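Here the structure is laid out as structure tokens; the discussion comes afterwards.
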Amino acid sequence: MVIAEEVLNIKQKKEFLEFPARLYKNDKAYIRPLDKDIEFVFDPQKNKFFENGICKRFLFLNENGETAGKVAAFHHQKYLQNQPTGGIGFFDCINDQETANFIFDFCKNFLQSIGMEAMDGPINFGERDKFWGVLIDGFTPPLYGMNYNFPYYKDLLENYGFQVYYDMLCFSRKAHAPTSRIFNIMHAKHSKNENISAKPVTKKQINNFAEDFFELYNKTWESHGGGKQMNLKEVKNMFNSMKPVMNEHIAWFAYDNNKPIAMWINIPDLNQWFKYLNGKFGFLDKLKFLYYKATKTNTKFVGLIFGVVPEWQNKGVEGYLIVEAAKHFQVDTDFIDFEMQWIGDFNPKMLGLAKHLETEVTRKLATYRYLFDRNKEFERHPMV
């Protein structure tokens, strides 16, 4: 017997945060997410997706009143799909198919009640840069904001009937490995053009770079759908929130006559410091974070986003930008490894970039879809 409880009170909210910590207590690769990041998702005063969406989270208790699983179920208007599609996320469960089936049935019934015809998961009630996908290969410590789970989660989903909507590939390389021949050729070509330049993001001019990001991001991702557009205020907030952990050698923009045409935004792997905080980020935890940041060398930086405006795509400016950045971070930083945040298998241009970077796949996640009409033909994510 499984009992569902909607998370409404302080005790239930605490249990929603604490259950995964107990579930993974013996898994050395697990890094607990910051409680504040999870609570942000479910705060209507902070999360803009509540303006045009609905989200509820639930605990699932066994006959002894012990938590056996948890999940959130939601829908928002910016999640554009080929049929009304809801989402499930923050799914954690004991290794028991019956319990998982009960949770998925519960989510399906809830989403059907608000007019949905399918559910995707695990996804986030928010942007795709956090808490997206289920890990299916590469069970190493997660990057900041990245989902981590036991290998059996894949079976729980697929045994229920979920199908892979798209694979999410993470690529890695050594930070000091030579840049590829093709990028060096691209760099040599564009270096001859006096109108082309590259700049690292600096803290003193953070708002200027935020404006460049805003312009470039919305031009580049306007055709992707799925809630991709951002406004200038949220971009500036994002950039300013990055200032305390920013490394000024690893985030770069390329310009044509001072107009932004490409960007490569990287930050240190924050989980190399957050892993010491057990999910907490109060006043004392912030002091602890500053201590570890000062005393623990961060050996990995993470590729958050790479983009080239449409009119400059397929012209090699990406190679120019990468070589310019590498000339700096290979000399001025202590990073050993570089890992790219996930690239969807529906994005051949970015997959091609990863190939030219001479990387290898070191982590694989997947976003699953479940069609409520079991007779409807399943289609994977369209190519972009």
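Some observations on this one:
- Stretching the chain fully between Thr299 and Phe283 yields a gain of 3.2 nm (0.36 nm per residue, less the alpha carbon separation).
- With viscosity 0.890 mPa s and temperature 25 °C, the Kirkwood radius over alpha carbon pairs of region 194-325 converts through Stokes-Einstein to a diffusion coefficient of 152 µm²/s.
- Label-reachable residues, region 327-359, where backbone N falls under 18 Å from a point 7 Å from Ile185's Cα toward its Cβ: 352-359
- Accessible surface, per residue, of the chain when the full set of protein chains is kept, probe 1.4 Å, Å²: 47
- Cβ charges +1 (Lys, Arg) and -1 (Asp, Glu), total dipole of region 42-147, debye: 460
- Nearest 10 degrees, 0 to 90: helix 232-242 Cα axis against the chain principal axis: 90
- With respect to the chain, whose longest principal axis is taken over its alpha-carbon atoms, helix 206-221 is tilted by about 70°.
- Principal-axis tilt of helix 181-191 within the chain, Cα atoms, nearest 10 degrees: 60
- For Met1 and Tyr292, the FRET efficiency from 1/(1 + (r/R0)^6), where r spans their Cβ atoms and R0 equals 45 Å, is about 0.55.
- Loop-located trypsin sites (Lys or Arg not before Pro) across region 288-338 with a Cβ neighbour count of 13 or fewer within 10 Å are Lys296, with loop assigned by DSSP.
- Volume of the Cα convex hull of region 276-384, divided per residue and given in Å³: 192
- For region 17-60 versus region 298-365, the gap between their alpha-carbon centres in whole angstrom: 29
- Those residues of region 250-269 whose amide nitrogen sits under 15 Å from the label point placed on Glu215, 7 Å along Cα→Cβ: 253-263
- The overall shape of region 1-53, judged from the alpha-carbon gyration tensor, is oblate: a/c is not under 1.5, and a/b is no greater than b/c.
- Whether region 1-98 is rounded, prolate or oblate, judged on the alpha carbon gyration tensor where a/c under 1.5 counts as rounded: prolate
- The portion of the accessible surface of the chain made up by carbon and sulfur, rounded to a whole percent, is 51 (1.4 Å probe; DNA, RNA and ligands excluded).
- Gyration tensor (alpha-carbon) shape descriptor, the chain, a/c threshold 1.5: prolate
- Helix-only mean residue ellipticity at 222 nm for the chain, each DSSP H run of n ≥ 4 adding -39500 (n - 2.57), per residue, nearest 500: -10000 deg cm²/dmol
- Cα extents of region 55-196 along the three principal axes, largest first (Å): 69, 33, 23
- Label-zone membership for region 1-44, site Glu63, 7 angstrom Cα→C-beta point, backbone N under 14 Å: 1-3
- Qualifying trypsin sites (Lys or Arg not before Pro) in region 160-216, where qualification requires a DSSP coil assignment and no more than 16 other C-beta atoms within 10 Å, comprise Lys192, Lys203, Lys204.
The values are calculated or read from the model by the stated rules, or taken from the named source; none is laboratory data. Every value quoted in this text rests on a predicted model; they were computed, and no experiment measured them. Positions of Cβ are generated from backbone atoms using ideal geometry, with glycine treated the same way; all protein chains shown enter the neighbour counts. Surface areas here come from the heavy atoms of the whole protein model, side chains and all, with no ligands, DNA or RNA. Shrake-Rupley method; radii C 1.70, N 1.55, O 1.52, S 1.80 Å.
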